[in-house]
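Report on one structure; see the data block that follows.
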Amino acid sequence: MKPVILIPTYNEAVSIVELLKELLLLHESIDFDVLVIDDNSPDRTADIVDSQNLPWVKILRRPAKAGLGAAYRAGFQQVLTSASYTHVVTMDADGSHRVADLPAMFSAANQVTNLKRCIVLGTRWMPGGSVVNWPKSRQLLSQAGTKYARIALGIPLNDLTGGFRIYSIDLLKSLNLSTMTATGYCFQIEMAMASVLAGACTCEVPITFVERINGVSKMSKAIVIEALWQTTLWGLARRLRPNADKLNYVK
Ligand SMILES: Nc1nc2c(ncn2[C@@H]2O[C@H](COP(=O)(O)OP(=O)(O)O)[C@@H](O)[C@H]2O)c(=O)[nH]1
Ligand SMILES: [Mg+2]
């Protein structure tokens, strides 16, 4: 197993240094690379990552803030050009996704290694999963988002809006990433839907999500509206033209 961890950043100068410190400890026992995808953060997140001088950490510098979905798609395209990776991890920079949960997720990904298309979801809303220091309003929004997407899209998973995941390279290679439309956080819902359409083996691992200590959330009303609108459109499309989605998302 050789994973690469993709970490999108926008103004995460303090958080990313803390996260890299924790990843450095894990790197002593597990061989992985990191790709930080930075949208030209004004707080110079990318330069600060560079100054850490960690040979296993690379940076993809993008010209301007263009949303989480666009950042991840660019990161996927970059790592797919390398032949050395077996899995791609997606992880927030702000400490909400704990390094402590990674070993269990890696081991879940390893157990299904012979099933070539596979997605492991770090899940908050299942037995053993939890959320620390998130206001009740954010918890309700996240739970309602997952429930709505589950019903609208018929995806039998418990955390469709979370971004702590592992994709097998074979799964990512089987997807038409360029036809994906989500710019914001609903990219996570679109990826879960596309993975299920690609026939991926799915596995959920309970995680503890801890609200950030440093920096500020980039969540906005526009992101919530995009998610609601897109999910509704995807749901209608699936009902009206059930096979078109698969042709659109899966190569
Ligand atoms: N490159 C990039 N990263 C982003 C963008 N929006 C959010 N992020 C990153 O995505 C992760 C999750 O964002 P965050 O603000 O913590 O959202 P929240 O946890 O839902 O409040 C963090 O690492 C952010 O820095 C963006 O437009 N571009
Ligand atoms: Mg966060």
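Around residue 46, under 15 Å between beta carbons, what's the net of Lys plus Arg minus Asp minus Glu among the other residues?
-1
Taking the Cβ of each residue in 118, 203 as the centre, tally the other Cβ atoms inside 10 Å and list the residues starting with the fewest.
Arranged by neighbour count, lowest to highest, 118, 203 become 203, 118.
Provide the per-residue ³J(HN,Hα) series for the range 175-185, in order, calculated from phi with Karplus coefficients 6.51, -1.76, 1.60 and θ = phi - 60°, each as a whole number of Hz, with x at glycine and proline positions.
For the range 175-185, the Karplus curve yields 9, 7, 4, 6, 8, 6, 10, 5, 8, x, 6 Hz.
If we count every other residue with Cβ under 12 angstrom of residue 160's Cβ, Lys/Arg +1 and Asp/Glu -1, where does the sum land?
With Lys, Arg at +1 and Asp, Glu at -1, the net is +1.
Using the Karplus curve 6.51 cos²θ - 1.76 cosθ + 1.60 with θ = phi - 60°, what ³J(HN,Hα) values do you get for each residue of the range 227-242, in whole Hz, with x for Gly and Pro?
My calculation for the range 227-242 gives 5, 5, 5, 4, 4, 5, 4, 4, x, 5, 4, 5, 7, 6, 9, x Hz in order.
Collect residues whose amide H, placed 1.01 Å from N in the peptide plane, falls under 5 Å from the amide H of residue 250; neighbours closer than 5 in sequence don't count.
Here the answer is 176, since their amide H atoms fall under 5 Å of that of residue 250.
Comparing 172, 197, 121, which has the greatest mean-square fluctuation in the GNM of the chain with Cα pairs linked when under 10 Å apart?
Result: 197 has the largest fluctuation of those listed.
Compute the helix-to-body angle for 136-153: its Cα long axis versus the longest principal axis of the chain, expressed 0 to 90° and rounded to tens.
40 degrees
For every other residue with a beta carbon closer than 14 angstrom to the beta carbon of residue 189, add +1 if it is Lys or Arg and -1 if Asp or Glu, then tell me the sum.
Counting the neighbours of residue 189, the net charge comes to 0.
Measure nothing but the geometry: give the 0 to 90° angle between the long axis through the Cα atoms of 68-80 and the longest principal axis through the Cα atoms of the chain, rounded to 10°.
70 degrees
Return, ordered by residue number, the residues of the range 55-76 whose backbone nitrogen is under 14 Å from a label point located 7 Å along Cα→Cβ of residue 84.
55-59
Summing -39500 (n - 2.57) over the DSSP H runs of n ≥ 4 in the chain and dividing by its residue number, what mean residue ellipticity at 222 nm do you reach, to the nearest 500 deg cm²/dmol?
Mean residue ellipticity, 222 nm, calculated: -13000 deg cm²/dmol.
Cut-off 10 angstrom, C-alpha nodes, Gaussian network model of the chain. Which of 98, 241, 165 fluctuates the most?
241
Helix 187-197 against the longest principal axis of the chain: what's the angle in degrees, Cα atoms only, rounded to the nearest 10?
With rounding to tens, the tilt is 60 degrees.
Give the residue from 106, 85, 145 lying farthest towards the positive end of the charge dipole for the range 61-164; charges sit on Cβ (+1 for Lys and Arg, -1 for Asp and Glu) and the dipole is referred to the Cα centre.
The one lying farthest along the dipole's positive direction is 145.
Find, among the trypsin sites (Lys or Arg not before Pro) in the range 9-60, those assigned to loop by DSSP (not H, G, I, E, B) with at most 11 other beta-carbon atoms within 10 angstrom.
Within the range 9-60, no trypsin sites (Lys or Arg not before Pro) qualify (loop, at most 11 other Cβ atoms within 10 Å).
Taking Cα pairs under 8 Å and at least six residues apart, what relative contact order does the range 3-249 come out at, in percent?
Result for the range 3-249 is 24 percent.
For the range 103-108, take each phi angle, set θ = phi - 60°, evaluate the Karplus expression 6.51 cos²θ - 1.76 cosθ + 1.60, and give the result in whole Hz per residue in order, putting x for glycine and proline.
Those phi angles translate into x, 5, 6, 4, 5, 5 Hz.
Put a dot 7 Å past each Cα toward the Cβ at residue 107 and residue 133; how far apart are the dots in nm?
2.7 nm
As an exercise, identify the chymotrypsin sites (Phe, Trp or Tyr not before Pro) in the range 28-73 lying in DSSP coil whose Cβ has no more than 15 other Cβ atoms within 10 Å.
56
Here, each number is a calculation from the coordinates, and none is a lab measurement. These figures come from a predicted structure and were not determined experimentally. Counting neighbours? That spans all protein chains shown, and the Cβs are built from the backbone with ideal geometry, glycine included.
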